[in-house]
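Student: First the structure, then my questions, so here it is.
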Amino acid sequence: MKTDNRVIKVDYLARVEGEGGLHIKLKGDTVTSVQLRIFEPPRFFEAFLRGRDFREVPDITARICGICPIAYQMSSVHALEQACGVQVDGQLRELRRLIYCGEWIESHVLHFAMLHAPDFLGYADAIQMAKDHPAIVQQALTLKKAGNDIVNVVGGREIHPINVRVGGFYKLPTRRELQRRLKDQLEEARQIAVEAVRWTASLPCPDFEQDYEFVALRHPDEYPFNEGRLVSNKGLDLSISEYETYFAEEHLEHSTALHSHTRARGAYLVGPLARYSLNFDRLSPSAQEAALAAGLGNECRNPFKSIVVRAVETLYACDEALRILDSYEQPDPPALPVEPRAGTGYGCSEAPRGILYHRYRIDEQGAVLDARIVPPTSQNQRTIEHDLWQFAERNLQLPDDRLTWQCEQIVRNYDPCISCSTHFLRLSLERE
Amino acid sequence: MGRPGATPAAEGAAPARAAPTRVIGVGNQWRGDDGAGPAVAHLLRARQGAAAAALQISAIDGGGLNLITAWAGATTVVLIDAVFSGAAPGSIHRFDVGAQPLPEALFRHSTHAFGIAEAVELARALAQLPPRLVVYGIEGRQFDPGVGLSPAVELATRTLAEQLWQQLRMSSEAC
């Protein structure tokens, strides 16, 4: 048994979205404490939304995050349309899937190529990696740009798109415009994504399978973006409006972001691993084929392999975007009329990092009375801590710098979007 | 990825909106003084009106990686971002990026994993820096959620916008 007491401290954890903190205490060969600390301005946006007109909500919530604004727009419009008794369908619904494809491509490629891959290859960052692997980084930029282009064309601009509204869109692209501005880029991106699945699967990956409770949307026909039932591999199967019955949030002293858990079993995991494992059969044939050829199987419980799953989902997003482009006919009008009525609406969509739950209560004039937003990173907090605990205990023999590096990598496995809610992420690993 | 014979990234080769001089204000208007860069872009745009087609002005908020796309094809690029170095709020820093790397600590204020300093150095590693890239940093005071610039920062945005306008309208190559 190890009896030495050591203190390891890292003050700044790079390559994550946003800033927060992490503190790990080790005593001998035991982990005694793991705390992911998030210094979020508590519930800023939820309070900010009160009293605002329901039509403003998609644009306000899109400002929560520069990386996943579509997710915030999609969850909010679906919730508010439900509150108002409106169902958006047909080509407008297809365009919503298309713009979500763009966001997945942008976000996933940024993460797997620029933020996560350096971990596997031993580089401090993508800049160092680019010096040795310029072609990989170049290809990733091309792939990411295809996502930017989708968000730009459908959303009006790449960052904080302005074209999404309750009921549909403000302005619609023509079929010709979509073909002209996206088709060739997406065909090229698709080829790069196929290569990306192969390449990410070739990276050295620790053996670290965990018994997660995966939670994701599941739709009868589609790999999920905006609709479906909330399901888990441990028996959950509920409508989005039942979310708060089965999931709870609690405040822990070390974090101002609320910790989520299932009321029945505790920690759960949302995001690419969960989506993939619960919806493998809904992927496009080529994404399935690429995943299987990469050795993934139809379920993945190793969080380090999330880099491969993100590449598979990027390929799916290219396939799905091309499918939508091929069948698109410009609808008229660009949005359904939505009249406010007093009520509550629930929305949940699959942000790149996992399910993003919104609930709004509005009055008969459409003013927001209260709002609730549960982002994926806060849902994964407890599971991230659990992974760290397990990994640290199994790897106490590692020298401090190596253990610290791999603990940081554990956090990055989740692509935590702390910028949705926080200021600083500092990691300290302490051995007593 | 990285397959043999792979062609270089498209954004360096065929910009859709080629313009010799591009001004890009970087930042989040919803994070206090982080909105300084977009504020300068807006002021310049108001001055520009319909004139000076060779000068393209934009404001972006988001990961620095988008910068590499945003400046593709431009011969001269001026970036304006908020910084935090401990200097007096409203101080204006200037960096000629062709001659020196950006001080990362100064531009680490972004909440994004891939900020402006990283984007510049990544572009340098990939030989995708514009021929001329000048970065102006406006010293911010507070970056908390909320709209509105500190008075000293707002004054600095006006000063810098005026200075850039005088220089850029005379010559799209000078800044």
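Student: Label points 7 Å out from Cα along the Cβ direction at residue B:167 and residue A:198: separation in nm?
Tutor: 4.8
Student: Pairing the Cα long axis of helix A:376-394 with the longest principal axis of chain A, what angle in degrees results, from 0 to 90 and rounded to the nearest 10?
Tutor: With both axes taken from Cα atoms, the answer is about 20 degrees.
Student: About its Cα centre, what dipole magnitude does segment B:17-170 give when the only charges are +1 on Lys and Arg Cβ and -1 on Asp and Glu Cβ, stated in debye to the nearest 20? Mind dumping the intermediate values first?
Tutor: Details: 12 positive and 12 negative charges, 105 e Å.
With Lys and Arg at +1 and Asp and Glu at -1, about 500 debye.
Student: In whole Å, what are the extents of chain A along the principal axes defined by its C-alpha atoms, from largest to smallest?
Tutor: Over chain A, Cα extents along the principal axes are 71, 47, 36 Å.
Student: Continuing with the same structure: Just to confirm my numbers, what's the Cα centroid distance between segment A:311-372 and segment A:199-235 in Å?
Tutor: After rounding, the separation between the Cα centres reads 21 Å.
Student: Next question. Which Rg and Dmax, in Å, describe the Cα atoms of segment A:175-308?
Tutor: Calculated on Cα positions, Rg and Dmax stand at 17.8, 54 Å.
Student: Moving on. Whole Å is fine, so just give me how far the alpha carbon centre of segment A:53-70 lies from that of segment A:275-302.
Tutor: 31
Student: Which residues in segment A:83-109 have a backbone N closer than 13 Å to a point placed 7 Å from the Cα of residue A:344 along the Cα-to-Cβ line?
Tutor: Zone members listed by number: A:83.
Student: With each pseudo-label sitting 7 Å past Cα toward Cβ, what's the residue A:246-residue B:158 distance in nm, one decimal?
Tutor: Going from the residue A:246 label point to the residue B:158 one covers 5.7 nm.
Student: Something else about it: Any idea what the relative contact order of chain A is, in percent, if you count C-alpha pairs under 8 Å spaced at least 6 apart?
Tutor: Computed value for chain A: 32 percent relative contact order.
Student: What is the extension gain from residue A:170 to residue A:365, computed as 0.36 nm multiplied by their sequence separation minus the C-alpha to C-alpha distance, in nm to one decimal? Write out the running numbers ahead of the final one.
Tutor: Working: separation 195, 0.36 × 195 = 70.20 nm, distance 2.12 nm.
Contour length minus the Cα-Cα distance gives 68.1 nm.
Student: I would also like to ask the following. Using a Förster distance of 30 Å, how high is the FRET efficiency between residue A:56 and residue A:298, based on the Cβ-Cβ distance and rounded to 0.05?
Tutor: For R0 = 30 Å, the calculated efficiency reads 0.10.
Student: Roughly what angle does helix A:306-327 make with the longest principal axis of chain A, taking Cα atoms, 0 to 90 degrees, to the nearest 10?
Tutor: Once rounded, one gets 10 degrees.
Student: Taking each residue of A:122-132 in turn, how many C-beta atoms of other protein chains fall within 10 Å of its C-beta, and what is the average?
Tutor: Average neighbour count from other chains, rounded to a whole number: 4.
Student: Could I ask something else about it? Which entries in A:145/A:305; A:145/A:171; A:131/A:305; A:25/A:131; A:183/A:305; A:144/A:171 show an alpha-carbon gap greater than 26 Å?
Tutor: Going by Cα-Cα distance, A:25/A:131; A:183/A:305 fall outside the 26 Å limit.
Student: Kindly state, to the nearest 0.05, the FRET efficiency for residue A:207 paired with residue A:29, given R0 = 35 Å and r defined as their beta-carbon distance.
Tutor: Plugging the Cβ-Cβ distance into 1/(1 + (r/R0)^6) gives 0.95.
Student: Could you pull out the trypsin sites (Lys or Arg not before Pro) across segment A:347-378 that fall in loop regions by DSSP (anything but H, G, I, E, B) with no more than 15 other Cβ atoms inside 10 Å?
Tutor: Taking segment A:347-378 and a limit of 15 other Cβ atoms within 10 Å, no loop trypsin sites (Lys or Arg not before Pro) are found.
Student: A further question on this structure: So how many Å³ per residue does the convex hull of the Cα atoms of segment A:248-397 work out to?
Tutor: Roughly 158 Å³ of hull volume per residue.
Student: Rounded to the nearest 0.05, what FRET efficiency is calculated for residue A:131 and residue A:390 with R0 set to 41 Å and r the Cβ-Cβ distance?
Tutor: So, using R0 = 41 Å, E works out to roughly 0.75.
Student: What GluC sites (Glu not before Pro) in segment A:314-381 are in a loop by DSSP, with at most 14 other Cβ atoms within 10 Å of the Cβ? Intermediate values should be presented prior to the final figure.
Tutor: On the way: sites: A:320, A:329, A:350, A:364; in loops: A:329, A:364.
Listed in order of number, the matching sites are A:329, A:364.
Student: For segment A:38-162, just run the numbers: alpha carbon Rg, then divide by 2.2 N^0.38 Å, N being how many residues it has.
Tutor: 1.28
Student: Report the dimensions of segment B:17-170 along its three principal axes from the alpha-carbon atoms, largest first, rounded to Å.
Tutor: If we take the Cα atoms of segment B:17-170, the spans are 36, 35, 24 Å.
Student: While we're looking at this one, here's another question. Between residue A:264 and residue A:398, what is 0.36 nm times their sequence separation minus the Cα-Cα distance? Round to one decimal in nm. If you can, show how the numbers build up before the last one.
Tutor: Values: separation 134, 0.36 × 134 = 48.24 nm, distance 3.55 nm.
Taking 0.36 nm per residue and subtracting the Cα distance, the gain is 44.7 nm.
Every number in this text was worked out from the coordinates using simple rules, so none of it is lab data. Source: prediction; values computed, not measured. Quick reminder, even Gly has a Cβ in these numbers, built from the backbone with ideal geometry, and neighbours come from all protein chains shown.
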